[in-house]
Amino acid sequence: MQKKEEELKMKKFLSVFLTAALAVSMLAGCGSKNETVTAKVIDIDLTNEEYAFGVDKTQPELLEKTNAFIEKIKGDGTLDKICDKYFGSGEPEAVESAKLDSSKDQLVVATNAAFEPFEYTKGDSYYGIDMEIAKLLADELGKELVIENMDFDAVCLSVSQQKCDIAMAGLTINEEREEYVTFTDSYYSASQRLIVPSNVTTFDDCKTADDVAAKLAETKSSDQIGVQQGTTGQYYVEGRDRKSTRLN
C-alpha cells in the first residue's frame, strides 16, 4: 500500500497543478527567449493531510455505518484494489448516477468531479477512487446512488444544508470544514507540494517546509500564486495551514 500511496501522492501533485492549486509564477529569473519552460515539483511536503468523507451532522447513523464501511474496505483489500485500477494494472470502472428522487431511498453524494484520480467524468459517467467507493457504500447501505457535481467550495455547504447526505471530494480534514460536516475516519494520507515553472530557481536551495514558507513570505504584490478556492492549497498560501511563517 505504501508504494501505491506514493504514486497517488504524485498524481495528486500533478492534478493540483492542473487545477491551478499552488501553482506559482514568480521570480522567474533569467533564461533565453527560446528556452522551453515546463513545470517542476519542489520535492518537499508542505502539509500532512488526511482525507475523509463529510457526513450530514443530522445523520449520526450514516456516520457510524460509513466508518464501519471504511474499516471494512481497508481491512479486506478492497481499497487497495480500487487504487490499483488507477495506478496499477486494474481498469477504472464507470459509476453511474441516478436522478434525484425524494420518493426513493437514495444516498446523495456531493462532489467536485475535477480532481483526478479521486473524482472526474468521461461523458455522463463518473470515475475515480471516491466515486467507486461511493458506489460500494450505496450498495452496502442498500440505497440508490445519486451524485451531485458542484463547485468545490459548495460541497460541504450542500451537506450542511441537507441537500446532500455526504461529501466525497478528496476532502482534507480541517476545523473550518468541521463547522459544516462531521468527518468520517480517514481513508487516505496525502500532502501538498509546490509546483513552479522549470526556470524558477527560487526554491532550489530549500530543504524543509519552513524554508519554502520563508521564501513564499518574501513574495511581492506582483507575484502570482494560483489556488483553487476552498482547497488546502488556498489554506496553505493564506497561512491557515502552516505552523510557521505566514503570508498574511
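The values are calculated or read from the model by the stated rules, or taken from the named source; none is laboratory data. Because the structure is predicted, anything quoted here is derived from the model rather than measured. Neighbour counts are summed over all protein chains in view; Cβ atoms, including those assigned to glycine, are modelled from backbone coordinates with ideal geometry. Only protein heavy atoms, including side chains, enter the accessible area calculation; ligands, DNA and RNA are left aside. Shrake-Rupley method; radii C 1.70, N 1.55, O 1.52, S 1.80 Å.
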With all protein chains modelled, accessible area of E61 [1.4 Å, Å²]
120 Å²
For D56, the net charge from surrounding residues (Cβ-Cβ under 10 Å; K, R +1; D, E -1) works out to +1
Note the full-extension length gain between K104 and E64 as 0.36 nm times their separation in residues minus their Cα-Cα distance, in nm to one decimal.
12.2 nm
Sort the stretch 135-200 into rounded, prolate or oblate with this rule: let a ≥ b ≥ c be the square roots of the eigenvalues of the Cα gyration tensor; rounded if a/c is under 1.5, and if a/c is not under 1.5, prolate when a/b is larger than b/c, oblate otherwise.
prolate
Where in the stretch 161-190 are there GluC sites (Glu not before Pro) that are in a DSSP coil and have at most 13 other Cβ atoms within 10 angstrom of their Cβ?
E179
Quick one: order E96, E50 from most to least accessible surface, probe 1.4 Å.
E96, E50
If you stretched the chain out fully between D84 and N174, how much longer would it get, using 0.36 nm times the residue separation minus the C-alpha to C-alpha distance?
29.6 nm
